[in-house]
Amino acid sequence: MEDGDGDRPGFPWVWLLPQLAVLVGLTVWGAAVYPGLPEKVPQHIGPGGIDAWADKSVGAVFLPVLIYAGTVAVMAVTAAAALRMRTEDELAPGGRASSLVNRPATRASALRTARATLLLGFCIGLSIAVTCAVMWRTEPDPRVSAWLFAAVLAPLALGLVPVLVAAVRDRRESRK
């Protein structure tokens, strides 16, 4: 059976650009504020505010940026894998694939899934940016605003919507 690479959609680079913009923005922002940060920077933010501090270092300050860089890489690889995977409609008649793999039903579904994954990665970056706004304050204040929890969760919730929509549409397509 042919691989059908000619029918596969290309990687949606435009959908990766917002993640890369957030990553660059966080890096530039962190580099700009680093010299003015206090000698102790927040290490953990709990329900009562900042409850752990770390000595100022490149590692402590840029940990959220490094975590997000890893997230960008994972999301890009996941999107690429969804596009490279053989879809259900490409399997040979009567052919079975491993039940461990949740295959996209069609190429269109694979592209939707890849785009939704990249959009979720962007939303994760927005949540990390909110956290950085607290971590990179120039005054060592343990208090955080009550809105912080909602501001971190809102982009994540919004980013999950397209992923869930893509999954539901994929399930409907696979039943046809």
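The values are calculated or read from the model by the stated rules, or taken from the named source; none is laboratory data. On a predicted model such as this, the values are computed, not experimentally measured, just so you know. Cβ placement follows ideal geometry from the backbone for every residue including glycine, while neighbour counts extend to all protein chains displayed. Just the protein is used for accessible areas: all its heavy atoms, side chains included, with ligands, DNA and RNA removed. Shrake-Rupley method; radii C 1.70, N 1.55, O 1.52, S 1.80 Å.
Laid out as a table, the results:
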| quantity | calculated |
| --- | --- |
| ASP51, sole failed condition from (1) outside any strand (DSSP E or B); (2) exposed (fewer than 13 other Cβ atoms within 10 Å of the Cβ) | (1) |
| Conditions (1) surrounded by fewer than 18 Cβ atoms within 10 Å (Cβ to Cβ); (2) modelled with pLDDT of 90 or more; (3) closer than 30 Å to PRO38 by Cβ: number failed by VAL161 | (3) |
| Every pair of residues 6+ apart whose Cβ atoms lie under 7 Å, when the first sits in region 154-176 and is over 22 Å from ILE128 (Cα atoms) while the second is open to solvent by 50 Å² or more (accessible area, probe 1.4 Å) and not hydroxyl-bearing (Ser, Thr, Tyr) | ALA166/ARG112; ARG169/ARG112; SER174/GLU88 |
| Breaking point among (1) more than 11 Å from MET135 (Cα to Cα); (2) in contact (Cβ under 8 Å) with a residue 60 or more places away in the chain, for GLY48 | (2) |
| Of all residues making up region 43-85, the number that are of a type in the set (Lys, Arg) and within 26 Å of VAL28 (Cα to Cα) | 1 |
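Yes or no, residue by residue, for (1) modelled with pLDDT under 95; (2) under 17 Å from the mean Cα position of the chain (by Cα); (3) open to solvent by 50 Å² or more (accessible area, probe 1.4 Å); (4) farther than 22 Å from PRO38 by Cα:
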site	(1), (2), (3), (4)
LEU63	no, yes, yes, no
THR71	no, yes, no, yes
ARG86	yes, no, yes, yes
ASP89	yes, no, yes, yes
GLY94	yes, no, yes, yes
